[in-house]
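Quick notes on the structure that follows.
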Amino acid sequence: MNCLVIGGTGFVGQTLVAELLKAGHSVAIMHRRAKHNLGRKVRNIMADRNDSQAVRAALAGTKFELVFDNVYDGDRGTTAGHVEATVRAVGDNIKRYIFMSSVAAYGDGLNHHEGDALAPDDAPELYVRNKAMSERALFRLHQRIGLPVVTLRPPYIYGAGNPYYREAFFWDRLRAGRSIIIPGDGRRLMQFVYIKDLVKAAMRAIDEPAAVGHAFNIANSRPISQTEAVDAFAKACRKQPKFVRIPREYILRAGGHPMGPKLYFGMYFDVPPITLVTAKAQRILKFKPTDFVAGLKETHRWYVRNHGFPKPDFAFEDSLLANAPVLAPAKA
């Protein structure tokens, strides 16, 4: 089929493009650059998806059967209006419109099922409300005009090519023999999905008739604690972790922030948990996640060959380790 991948050069997009080509589909990507490095088989369409007029002009005359909407502008935000304008620009030949949402669309809370309410339109975080409002807009279009939409809600995505300093944050420290700072009791829950598993779910949504008009939680079924996550990172690189528990309040008062620049536990890895129940994806999409440590081992092999993050700066962590009150040893 003729496919459009919006955001085809990103973390999810690159893996998705490769799988679509492998399956014999014709692929175009839409992004803001005049060229890409995905090979000659991939057609390039240049447009800023946040510019609805530019998107309409760029897609005029095209006929796509599959659209994968993966891109979110982290600086400006991508609104429900931008998403709806894209839907209308791609025309009426669509067999699937697969939208990459996020666990963040729920806003907060544990053990979410797909039927749970999403975050309200006035949610304080821009990303949260944009994802939730975009999903609501897409499902309204499904009801009103029959848009064959499927939305996917992943939590933390890991794997080769991850542009966020997450797994690599811990491997840099474990390989250097450094202590890993555990914020608070280390029991905040985290849930992950392997990039390859997420893309397999997206591919499965192409052919599964029962997927149309539905959202799916795509994740490893069991949430794990922060300490368990670090244990898994350590197993993947065959290192023995050394934990130091420091009160979260002290870290934040000292200037630490989950998004940096004074990182202390991987980018955005220390936030209130949102967890998912994945039974629906297992039932309808036949979703079977990769074992977490096995996926991390594959990712670590890529990290060793391709590590592209700047040389780590341990100064902030050193100041915490030297001056902060240390709590009892952390346990998983």
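The values are calculated or read from the model by the stated rules, or taken from the named source; none is laboratory data. All figures in this text were calculated on a predicted structure; none of them were measured in a lab. Cβ atoms come from the backbone with ideal geometry, glycine included; neighbour counts cover every protein chain shown.
Quick notes on this structure:
- Test: Gly266 is within 25 Å of the chain's Cα centre (by Cα), at positive phi and not hydrophobic (A, V, I, L, M, F, W, C): yes
- Of the helices (runs of 4 or more DSSP H) lying entirely inside the stretch 184-280, the ones with 2 or more residues being in contact with a Ser or Thr (Cβ under 9 Å, 6 or more places away or on another chain) and aliphatic (A, V, I, L, M) are found at 195-207.
Condition check ((1) among the hydrophobic types (A, V, I, L, M, F, W, C); (2) surrounded by 11 or more Cβ atoms within 10 Å (Cβ to Cβ); (3) not in a loop (DSSP other than H, G, I, E, B)) across all residues:
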| residue | (1), (2), (3) |
| --- | --- |
| Lys286 | no, yes, no |
| Thr290 | no, yes, no |
| Ala294 | yes, yes, yes |
| Glu298 | no, yes, yes |
| Trp302 | yes, yes, yes |
| Glu317 | no, yes, yes |
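- The one condition in (1) touching a helix residue (DSSP H, G or I) at 6+ places or on another chain (Cβ under 9 Å); (2) without any contact (Cβ under 8 Å) to a residue 60 or more places away in the chain that Arg32 fails to fulfil: (1)
- Tally of residues being within 20 Å of the chain's Cα centre (by Cα) and buried (at least 20 other Cβ atoms within 10 Å of the Cβ) across the stretch 16-60: 8
- Odd one out for Gly61 among (1) more than 21 Å from Arg136 (Cα to Cα); (2) in contact (Cβ under 8 Å) with a residue 12 or more places away in the chain: (2)
- Contact map, the stretch 181-203: first residue farther than 19 Å from Val103 by Cα and hydrophobic (A, V, I, L, M, F, W, C), second residue in a loop (DSSP other than H, G, I, E, B) and modelled with pLDDT under 95, Cβ cut-off under 8 Å, separation 6 or more or different chains; pairs are Ile182/Ala330.
- Complete set of residues in the stretch 1-41 that are closer than 19 Å to Arg96 by Cβ and not hydrophobic (A, V, I, L, M, F, W, C): Asn2, Gly7, Gly8, Gly13, Thr15, Glu19, Lys22, Gly24, His25, Ser26
- Within the stretch 47-76, being among the acidic types (Asp, Glu) and outside any loop (DSSP other than H, G, I, E, B) holds for one residue alone: Asp69.
- Taking the conditions (1) out of contact with any His (no Cβ under 8 Å at 6 or more places or on another chain); (2) modelled with pLDDT under 95 in turn, Lys95 satisfies each one other than (2).
- Top-ranked residue of the stretch 61-87 - restricted to ones that are surrounded by 15 or more Cβ atoms within 10 Å (Cβ to Cβ) and over 24 Å from the mean Cα position of the chain (by Cα), ranked as modelled with the lowest pLDDT: Thr62
- Considering residues of the stretch 149-167 that are of a type in the set (A, V, I, L, M, F, W, C) and in contact with a Ser or Thr (Cβ under 9 Å, 6 or more places away or on another chain) only, the residue surrounded by the most Cβ atoms within 10 Å (Cβ to Cβ): Leu152
- Qualifying residue in the stretch 258-266 (condition: surrounded by 17 or more Cβ atoms within 10 Å (Cβ to Cβ), touching a strand residue (DSSP E or B) at 6+ places or on another chain (Cβ under 7 Å) and among the charged types (D, E, K, R)): no
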